[in-house]
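The values are calculated or read from the model by the stated rules, or taken from the named source; none is laboratory data. Bear in mind that the values here come from a model prediction, so they are computed numbers and not experimental data. Counting neighbours? That spans all protein chains shown, and the Cβs are built from the backbone with ideal geometry, glycine included. Please note that ligands, DNA and RNA were not included when accessible areas were found on the heavy atoms of the full protein model with its side chains. Shrake-Rupley method; radii C 1.70, N 1.55, O 1.52, S 1.80 Å.
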Amino acid sequence: MRIGYFIIVCCLITGCTPKEYIDNQKMVVSIDSMKISKIITEVETDSIGNILDTLSIEYLKYDENNRKRFKRKIYWYKDRKMSGKDYFRPDEDLFYRESFDEDGKLNSIFETISNKNGRVERAMQIDKGREPIDTIIMDYSHELQSNGKVKKLLIKASHEEVGELISKLIYDEYENPIFEVMIMENDTMSFQTWEYSDTVLQRSIYTHYLGDTSMSIYLFGVEKMLVNEGKFEYKDGMFIKSKEINHFYDETNERQKSIEKNHDTEEVKYIRYLKEK
């Protein structure tokens, strides 16, 4: 299904005109014409580096300014092969995504609709894996700071089965996110915080309440490189660490390997990232 169709749908719903919005289809066509810049194969190894299994393959495209514009990922999950395509704007924000099931059939589509200044006003999530096709429209409202940068972002969506969904995101003066809360039918689903030192991201904490309560703590190095992930389960009134993942990079800041330790079973998993250019 053509991307232009979704823009038309948006215009019918809101009464807007297509020329007021960035042409996503034009960007996708341009990105599709670019050559693959890099291929990264994620593999599991033993402790001395022998390959045991292939976990995923990523095909990446970068523009002339070394900005990521495309990612196609094929991954294996519980013996099922899944895949997806992501398209990014020049600021590396996602604007279009296609997800495919194990048979290669298009399963879902996500698309943002941006005004001529590049600010997202709406987004759509289309689930084609169910009948009838399920579409969720998300409305974006921005509150700006005196310097023109975003201070608050409110995203509202409504679904007949789960009700109203709300995301509230707060930014600092440099438009870095510092706090987000997600609410479903007046119940908190999750919240996340980000911490900086001289505008450099240091740590992020994500707490999830839907189903079993859990928490994830992410630590970052230079260039926003994720260096450590801690996973915590809520038991007996406190968060207990259940898993830890450490990531290691080469001199060009590209991820080389990860080591994942399960604190419940003491099992250690070794991951390597094999690159082709």
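A few comments on the model shown:
- Considering segment 179-189, and only residues there that are part of a strand (DSSP E or B) and loosely packed, with under 15 Cβ neighbours inside 10 Å, the residue that is farthest from the chain's Cα centre (by Cα) turns out to be Asp187.
- Within segment 157-171, the only residue that satisfies the criterion of being open to solvent by 80 Å² or more (accessible area, probe 1.4 Å) and under 18 Å from the mean Cα position of the chain (by Cα) is Lys168.
- Residue that is least open to solvent (accessible area, probe 1.4 Å), among those in segment 126-149 that are polar (S, T, N, Q) and more than 21 Å from Glu20 (Cα to Cα): Gln145
- Any hit, segment 186-193, residues being free of Cβ contacts under 8 Å to residues at least 24 places away in the same chain, small (Gly, Ala, Ser) and closer than 30 Å to Asn117 by Cα: no
- Cβ pairs under 7 Å, 6+ apart, first in segment 159-175 and free of Cβ contacts under 8 Å to residues at least 40 places away in the same chain, second assigned to a loop (DSSP other than H, G, I, E, B) and among the β-branched types (Val, Ile, Thr): Tyr174/Thr199
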